[in-house]
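Reading through the structure tokens given below for one structure.
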Amino acid sequence: VQLQASGGGLVQTGGSLRLSCSASGRTFSHYLVGWFRQTPGEDRKFVAGITWSGGSTYYADSVKGRFTSSKDNAKNIVYLQMNSLKPEDTAVYYCALKRSAAPDGRPERYHYWGQGTQVTVSS
């Protein structure tokens, strides 16, 4: 399984970005795709998750109402739409895959990781 995250960049406060996570290597019908972010010196923190089959979504309190995760099963791509961005959203964002659909915010529960993509929100 390979995951490829993309879409990061530099944006002003209040702006938007859409991250993409492209998955390849097998079918993922009972998996959960999670989005995490990490800043220097900090652990990776759960941001959002979406089940591959049913599309159930889960969000950290800090991003509820601003971030939305969606998926395109035909293309094997999961998206993270980030609106009303704040400087505290600045981080390296990662997508990860967990081999069950049960929601879980612990990074150690995820089996596959993509490379990170940098999101920088300027004030």
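The values are calculated or read from the model by the stated rules, or taken from the named source; none is laboratory data. All values reported here derive from a predicted model rather than from experimental measurement. Every residue, glycine as well, gets a Cβ built from its backbone with ideal geometry; the counts of neighbours run over all protein chains shown. These area figures cover heavy atoms from the full protein model, side chains too; ligands, DNA and RNA do not enter into them. Shrake-Rupley method; radii C 1.70, N 1.55, O 1.52, S 1.80 Å.
Before moving on, here are some points about what is shown:
- Residues satisfying the stated conditions in region 15-60, i.e. part of a strand (DSSP E or B), open to solvent by 60 Å² or more (accessible area, probe 1.4 Å) and under 11 Å from TYR94 (Cβ atoms): LYS45
- Residue selected from region 83-103 under the condition at pLDDT 95 or above and in a loop (DSSP other than H, G, I, E, B), by the criterion least open to solvent (accessible area, probe 1.4 Å): LEU85
- Inter-residue pairs, beta-carbon under 7 Å, first more than 23 Å from ARG99 (Cα to Cα) and in region 47-69, second in a loop (DSSP other than H, G, I, E, B) and of a type in the set (Gly, Ala, Ser), 6+ apart: ARG66/SER84
- Odd one out for LEU80 among (1) more than 16 Å from ALA5 (Cα to Cα); (2) assigned to a strand (DSSP E or B): (1)
- When GLN12, GLN2 are screened for being under 18 Å from TRP113 (Cβ atoms) and open to solvent by 50 Å² or more (accessible area, probe 1.4 Å), only GLN2 passes.
- In region 45-65, the residues that are in contact with a Phe, Trp or Tyr (Cβ under 9 Å, 6 or more places away or on another chain) and of a type in the set (Lys, Arg): LYS45
- Meets criteria (of a type in the set (Ser, Thr, Tyr), in a loop (DSSP other than H, G, I, E, B) and over 19 Å from THR13 (Cβ atoms)) for SER70: no
- Region 104-123, residues that are touching a helix residue (DSSP H, G or I) at 6+ places or on another chain (Cβ under 6 Å) and modelled with pLDDT of 95 or more: VAL121
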